[in-house]
């Protein structure tokens, strides 16, 4: 690449920097190699997982490889997403039903459900949890 002399002089005068913050690094900070923890136990587990993975169809094997390399990361991500998408909406529905004093008709038609809701409502009012 041919540069103009005045541009080359400015370029040479600028301080040299290391790799920028957006450059990819070679290390993987959140993955732990199971071989570092217990070599004899991890080798058994690793061979079992590899044996199971080899029986999967080819298009699914590429999705299992990251799970073999970093199981803790995948398990913690699954648990976090599961809690956010499964448990939190249940609490949201319960709060909505409680504060609007409404229940879906197919649930509230039963006498035993209405009695149970009334019974627990009285208990929680006594304890000061519900208004």
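In table form, for the structure just shown:
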quantity: Cβ-derived FRET efficiency at R0 30 Å, residue 79 paired with residue 50, nearest 0.05; calculated: 0.80
quantity: Descending semi-axes in whole angstrom, ellipsoid equivalent of segment 55-131, from the Cα gyration tensor; calculated: 44, 16, 10
quantity: Linear extension gain, residue 120 paired with residue 102, 0.36 nm per residue minus alpha-carbon span; calculated: 5.0 nm
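Computed from the coordinates by the stated procedures, all read-outs in this text should not be read as laboratory data. Keep in mind that what you see is a predicted model, and the values were worked out from it rather than measured. With ideal geometry, Cβ positions are generated from the backbone for all residues, glycine too; neighbour counts draw on all protein chains shown.
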